[in-house]
1. Looking at the range 55-77, which of its residues are over 19 Å from Thr22 (Cβ atoms) and either in contact with a helix residue (DSSP H, G or I) (Cβ under 6 Å, 6 or more places away or on another chain) or not in a helix (DSSP H, G or I) (or both)?
2. If Lys75 meets every condition in (1) surrounded by 12 or more Cβ atoms within 10 Å (Cβ to Cβ); (2) modelled with pLDDT under 95 apart from one, which number is that one?
3. Output the residue which, of all residues in the range 101-111 that are touching a residue at least 40 places away in the same chain (Cβ under 8 Å) and assigned to a helix (DSSP H, G or I), is surrounded by the most Cβ atoms within 10 Å (Cβ to Cβ).
4. Checking Gln93 against (1) loosely packed, with under 12 Cβ neighbours inside 10 Å; (2) at pLDDT below 95, only one condition comes out false. Which one?
5. Looking at the range 36-54 only, could you name the residues that are touching a helix residue (DSSP H, G or I) at 6+ places or on another chain (Cβ under 8 Å) and under 21 Å from Lys131 (Cα atoms)?
6. Can you confirm whether Asp51 is surrounded by 14 or more Cβ atoms within 10 Å (Cβ to Cβ), of a type in the set (D, E, K, R) and farther than 30 Å from Gln4 by Cβ?
7. Out of (1) outside any strand (DSSP E or B); (2) of a type in the set (Ser, Thr, Tyr); (3) within 13 Å of the chain's Cα centre (by Cα), what's the single condition that is false for Thr114?
8. Quick one: which residue in Asp98, Asp85 is free of Cβ contacts under 8 Å to residues at least 60 places away in the same chain, among the charged types (D, E, K, R), touching a strand residue (DSSP E or B) at 6+ places or on another chain (Cβ under 8 Å) and assigned to a helix (DSSP H, G or I)?
Amino acid sequence: MVDQLSKERRSWNMSRIRSKDTTPEKCVRSFLHRKGYRFRLNVKTLPGSPDIVLPKYKTVVFVHGCYWHRHPGCKYAYTPKSRIDFWENKFQQNIERDKVKKQKLVNDGWRVLTVWECETKTVEQIALVLKPLFKSKERL
């Protein structure tokens, strides 16, 4: 199938996709801040430069886009109809990279939480995903 957009327009669209300070990230950060958590952002010294790092709780939070990181069963994790081989390879590399980053963090003693983009639509969904973090705060 042929791409409906010109090469220039597709390039422009793709250049608008952010890797930091995305709306889902801001929603999670805002939620954590309102709950009284203090955190650091994009710590480059940790594997994968996690989106949110809570050093006090030895926890990192990745806020993944459903499309780019292939959220299983999510309607947003569709595959483009053009250049299918290219996209499947790219998505597979993202998944493998995520697994390696997570394993390195776990091996270093970090707890890793993943919040998917589609789970940031409501405060209740964010709270449900971050529930393990709240349990660790209660024990302190």
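1. Step one: list which residues in the range 55-77 are over 19 Å from Thr22 (Cβ atoms), which gives 55-59, 72-73.
Matches in the range 55-77: Tyr57, Lys58, Thr59, Pro72, Gly73.
2. Looking at each condition in turn, Lys75 falls short on (1).
3. Filtering the range 101-111 down to residues touching a residue at least 40 places away in the same chain (Cβ under 8 Å) leaves 101-102, 104-105, 108-111.
Okay, now just the ones that are also assigned to a helix (DSSP H, G or I), so 101-102, 104-105.
Numbers: Lys101: 18, Lys102: 18, Lys104: 14, Leu105: 21.
Only one residue tops the list, namely Leu105.
4. (2)
5. First, pick out the residues of the range 36-54 that are touching a helix residue (DSSP H, G or I) at 6+ places or on another chain (Cβ under 8 Å): 37-41, 46-48, 50-52, 54.
Scanning the range 36-54 gives Tyr37, Arg38, Phe39, Arg40, Leu41, Pro50, Asp51, Ile52, Leu54.
6. Details: surrounded by 14 or more Cβ atoms within 10 Å (Cβ to Cβ): yes; of a type in the set (D, E, K, R): yes; farther than 30 Å from Gln4 by Cβ: yes.
Yes, satisfied.
7. Against the list (1) outside any strand (DSSP E or B); (2) of a type in the set (Ser, Thr, Tyr); (3) within 13 Å of the chain's Cα centre (by Cα), Thr114 comes up short only on (1).
8. Values: Asp85 fails: touching a strand residue (DSSP E or B) at 6+ places or on another chain (Cβ under 8 Å).
Exactly one residue qualifies, and that residue is Asp98.
The values are calculated or read from the model by the stated rules, or taken from the named source; none is laboratory data. Worth saying up front: this structure is predicted, and the values here are computed from it rather than measured. Positions of Cβ are generated from backbone atoms using ideal geometry, with glycine treated the same way; all protein chains shown enter the neighbour counts.
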